[in-house]
Structures are given as C-alpha cells and as structure tokens.
Amino acid sequence: MFYFFVIYKSFFLYIIIVHYYIIFFVKYRYIFGKTLICRNLEAATTLARDSGLDCVTLEGDQVSSKGSLTGGYFNTLRSRLEIQKTRSELMSQISTLETQLTTLKEEIRKADQNISSYVSEMQRTETKNSKAKYVIRYFSRIII
C-alpha cells in the first residue's frame, strides 16, 4: 500500500492505492476518494462548498460538502499550560509595573516637597521684600 497526495495551495487530496488487495480498492477509494485534507477550517469550508467534496482539517474537524461541521480536537492540557504561561508573564509584568509605580510615587512626593519648600522660600523672600519697601518708604519720608 502506498499513499498518493495531490497538493494544491491549502488542501491535500488523499488517495490510498492498494496493490495487494484489489477487492478493497473500491472500498478505500469510496471512503477516501472524495475527501480533501485541508490546512485550516476556513479553507475546508470554502473547498467543501465550492468543490462538493468532503474535507478534513489537520486538527480533525470534518466539513461535509452538505454544510455540516463535526469533530475536532481541543487539547485542554496544552491550552491550560499556555494560559498559565501567559498568566505568569503577566504577573511578572504587573510586579515590574508596581515597582515602577512605587518609585514614581516617591519621585512625585519628593517633587511636592521641593515645590512646597520653594513656595515657602518665595513667601519669605516676598515678606523680606515688602519689609524692605516699607523701610525704604519710611526713611524716604524722614529724609525729605
């Protein structure tokens, strides 16, 4: 027995030819002769609709030429591992961002303290300035 594939874009035509058992040839051809193996579900639905042949995806989804979709396989263990990996990556990003947030809050607090000290220094300077102006006016009245 050998396998014959006709490859065209996104599907394979899978035909099994049996040399030893000619009796089974008709049965194998009947079973596999009108079945396309497609790379993805979109290609399978398009080909099944356009060609009138049944299609099977590499994941195991079956698309009938009459329009029904059946089967498929979803590896829950793999998807859970991927979810856990994504979760751990996101948790590390969260911890990094929380550290950055803490440092930024500290910088903001220091900047507020600096601003407060500058404002108080400005007020002291303005007070000194106003006192100096008062003294100048007072002495200018005495001299004149």
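With a sphere of radius 10 Å drawn around the Cβ of N40, what net charge do the other residues whose Cβ falls strictly inside it have (Lys, Arg +1; Asp, Glu -1)? Walk me through the numbers on the way to the answer.
Numbers: positive: R39; negative: E42, E59, D61.
In short, -2.
Note down the accessible area of D112, probe 1.4 Å, to the nearest 10 Å².
90
Whole-Hz Karplus ³J(HN,Hα) for segment 43-50, in order, using 6.51 cos²θ - 1.76 cosθ + 1.60 and θ = phi - 60°, x for Gly and Pro?
5, 5, 5, 5, 5, 5, 5, 7
So what does Y138 come to for accessible area, using a 1.4 Å probe and Å² rounded to 10?
Spelled out: Y138, probe radius 1.4 Å, area about 120 Å².
For K105, what charge total do you get from the other residues with a beta carbon under 15 Å from its beta carbon, if Lys and Arg give +1 and Asp and Glu give -1?
On the way: positive: R109, K110; negative: E98, E106, E107, D112.
The answer is -2.
In segment 56-139, which trypsin sites (Lys or Arg not before Pro) are in a loop and have at most 13 other Cβ atoms within 10 Å, using DSSP for the loop call?
Values: sites: K66, R78, R80, K85, R87, K105, R109, K110, R124, K128, K131, K133, R137; in loops: K66.
Answer by residue number: K66.
Using modelled amide H (1.01 Å from N, peptide plane; none on Pro or chain starts), what sits under 5 Å from the amide H of T35, excluding residues fewer than 5 places away?
Y14
The values are calculated or read from the model by the stated rules, or taken from the named source; none is laboratory data. The shown structure was predicted, so the numbers you read here are calculated from the model rather than taken from an experiment. So basically every Cβ, Gly included, is an ideal-geometry build from the backbone, and we count neighbours across all protein chains shown. SASA here: full protein model, heavy atoms, side chains in, ligands and nucleic acids out. Shrake-Rupley method; radii C 1.70, N 1.55, O 1.52, S 1.80 Å.
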